[in-house]
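A short worksheet on the structure shown next.
The values are calculated or read from the model by the stated rules, or taken from the named source; none is laboratory data. These numbers come from a predicted model, not from an experiment. Cβ coordinates were reconstructed from backbone atoms using ideal geometry, including for glycine residues, and neighbour counts include every protein chain displayed.
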Amino acid sequence: MLVKNVIPKHLECISAKLRETGTIVQEYEDSILVKGASTLRRANVKTLPYPGFPTDMQPLMGTLLCLANGTSVITEGIYDNRYKYMNELRKMGAEVQVDGRIAVIEGGAQLTGALVQACDLRAGAAMVVAGMCARGVTEIEDVHYIERGYENFVGKLRALGADIHVDHTPDDVEGSEKIVAIG
């Protein structure tokens, strides 16, 4: 996937960690090409203020590391209580342990679709990605976090080929929508 209109230098710490997992990352003047690896490798991540690894990327990296072979460790260096999404990943079959600001991820397991919640904006995005990688159907509740932070999130993912949609309840009660991702 080619990500346009970025300053690759600003993303160096993310690119470095992706490369560590075996992901191919090619940087250009104002874009980055990212290609998935056939086999993902473990990595250790510590969030830090810029130019370190951003805490906002931590849930997405945590999801990636659930799919990687081996044991990975994430150390949250910015915020307390940033691992609520790990309970949701467990519902999908991830093997993760959290102790304070440290999460240990035993990667390599196949995630399975489940009913999960978007605990916050970034965790919600991570649950959607986990759902797209999981076997079966994943329903993500509390999508108001995602909708508030990302414009046309589902539409953009569909445009990239994702099997994903928003499911409205028959009563159309506000806040009752779910994102349904099919892996």
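Here are a few things to note about the model shown:
- Among the residues of segment 77-87, those that are buried (at least 21 other Cβ atoms within 10 Å of the Cβ) and closer than 22 Å to Y50 by Cα comprise R82, Y83.
- Looking only at segment 122-137, and only at residues there that are over 11 Å from the mean Cα position of the chain (by Cα) and under 19 Å from L65 (Cα atoms), the one that is surrounded by the fewest Cβ atoms within 10 Å (Cβ to Cβ): R135
- Residue in segment 116-130 that is modelled with pLDDT under 95 and either closer than 25 Å to T21 by Cα or basic (K, R) (or both) present: no
- Qualifying residue in segment 97-106 (condition: touching a residue at least 24 places away in the same chain (Cβ under 8 Å), of a type in the set (V, I, T) and closer than 26 Å to V3 by Cα): no
- Residues that are within 11 Å of V45 (Cβ to Cβ) and surrounded by fewer than 16 Cβ atoms within 10 Å (Cβ to Cβ), drawn from segment 59-74: V73
- Filtered residues of segment 90-115 (kept if among the aliphatic types (A, V, I, L, M), over 18 Å from K17 (Cβ atoms) and surrounded by 16 or more Cβ atoms within 10 Å (Cβ to Cβ)): M92, A94, V98, L111, A114
- Residue match in segment 27-45 (condition: among the charged types (D, E, K, R), surrounded by 18 or more Cβ atoms within 10 Å (Cβ to Cβ), in contact with a Leu (Cβ under 8 Å, 6 or more places away or on another chain) and at pLDDT 95 or above): yes
- Candidates G52, G70, G36, G62 - the one that is among the small types (G, A, S), in contact (Cβ under 8 Å) with a residue 24 or more places away in the chain and over 21 Å from R90 (Cα atoms): G52
- Residue check, E151 surrounded by fewer than 19 Cβ atoms within 10 Å (Cβ to Cβ), acidic (D, E) and at pLDDT below 95: yes
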